[in-house]
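Written below as structure tokens is the structure these notes are about.
The values are calculated or read from the model by the stated rules, or taken from the named source; none is laboratory data. On a predicted model such as this, the values are computed, not experimentally measured, just so you know. No Cβ is skipped: glycine too gets one built from the backbone with ideal geometry, and neighbour counts run over all protein chains shown.
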Amino acid sequence: MIESGQPRLPRRYGRWRLVRLSPVFLTIVIAALAYATPPEMAFSRLLPAAPALAAAMWPVLPTILLGTVCLLLMIGLSLIFPDLGTWWTCAGIIAVTVAAAYGSHERLQRERTLIQVRLVADAAQQVVLGPMPRLFGNIEIESLYLAAAAEARIGGDFYEVVDTPYGVRLLIGDVRGKGLPAVGAAAAIVNAFREAAYDESDLIAIARRLDASCTRYNAAYPPEGTMERFATALVAEIPHTGKRIDILNCGHPPPMLLNRKNVRVLESADPSPLLSLAEFLGGHYSVDTFDFAPGDLLLLYTDGIAEARARDGEFFPLSAWMGRQPPTPPRELLTALHRDLLHYSRGSLDDDVAALAVRLREL
């Protein structure tokens, strides 16, 4: 899976170190102004601001130490300027430091809880979006996942790739909804696919098992409110010899095939029902077959990509973007997509994003 934001980590880390030192800078500035200006200006009364600021980013002990330094500075200034109102300011420094230490303690507790939640999210990600080999025979595959929320690690988007006796089989989809219920539904679908892809000889049987798994999950964990929980999904199969790709599309955005500079949208002639809605929409499934030649580049994606918006509300021009890409390995294609998608949306995605890029290598 392509990681996000790594090239900018050193610069961000340097800026963060400067921000963490800002309480020290503030203390020095206030002390210097208090010493260099007339006593009537009373800059020394601002010293309690330094430990208050430290509480937002420092542990408890350094916060208390900074408050102690401010207290000693105030006592030292009172020896030079006797009419500074020392005792009132010292009382303010002590009171703010105690409150700041308590605030720092509470913040650290919340951060520890958040770390635990993220560890659970990472474990869930390994279940739903486990690592995959990048090469299946002569078929190259790379994956991309981006969460819409900066603090999130995973959502309702999912994908999986397995190498079976029938060929390389791929799954990509999107569960309607957010939060743990959507993650649970995605996990149920992916786990069903991992079993069915090896057991079933055709894609229609796989789709029926995915629908049954999604329906059982919804029955066990009903969605809140009146809206049904469903999922779009696309199941594909590439024979080990290549030359073609079979696609069964259950209401999912159609993949795009790049052949040199020509982009083809692989629309389904007869779309299949969304997962968990086959009972209402009818249980008719159809498989479409398309040519897939060596050197062709296939992009499977969720609607978070096609529906990413710029500030003016325009959708990301995925088809035009795809047509501008040179023949490239899947990893480079998704790296460019990642970069251009964040640039287009100014780093603010409205929905989770998942994508698979597939290329048949020339022998």
Checklist entry - If you take the residues in segment 26-45 that are over 19 Å from I64 (Cβ atoms) and hydrophobic (A, V, I, L, M, F, W, C), which one is surrounded by the fewest Cβ atoms within 10 Å (Cβ to Cβ)? => result A36
Checklist outcome for this item: Of the residues in segment 193-209, those that are under 13 Å from F158 (Cα atoms) and surrounded by 22 or more Cβ atoms within 10 Å (Cβ to Cβ) come to F193
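Considering only residues that are of a type in the set (G, A, S) and buried (at least 20 other Cβ atoms within 10 Å of the Cβ), which ones fall in segment 210-258?
S213, A231, A233, A236, G242
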Item to check | Members of segment 265-287 found to be surrounded by fewer than 17 Cβ atoms within 10 Å (Cβ to Cβ) and on the phi < 0 side of the Ramachandran plot, listed by number | outcome: V265, E267, A269, D270, E279, F280, L281, G283, H284, S286
Next on the checklist: Here's a check for you: in segment 342-363, which residue that is at pLDDT 90 or above and hydrophobic (A, V, I, L, M, F, W, C) is farthest from P294 (Cα to Cα)?
Outcome noted: A355
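Would you be able to tell me the number of residues in segment 62-76 that are among the hydrophobic types (A, V, I, L, M, F, W, C) and either touching a residue at least 60 places away in the same chain (Cβ under 8 Å) or within 11 Å of P23 (Cβ to Cβ) (or both)?
4
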Checklist entry - Mind checking which pairs have a first residue in segment 208-235 that is farther than 14 Å from G184 by Cα and modelled with pLDDT of 85 or more and a second that is in a helix (DSSP H, G or I) and among the aromatic types (F, W, Y), Cβ under 9 Å, 6 or more apart or different chains? => result R209/F193; A233/F193; V235/F193
Checklist entry - In the list R339, R359, R309, R331, which residue meets the criterion of being surrounded by fewer than 19 Cβ atoms within 10 Å (Cβ to Cβ), within 30 Å of I206 (Cα to Cα) and of a type outside the set (A, V, I, L, M, F, W, C)? => result R331
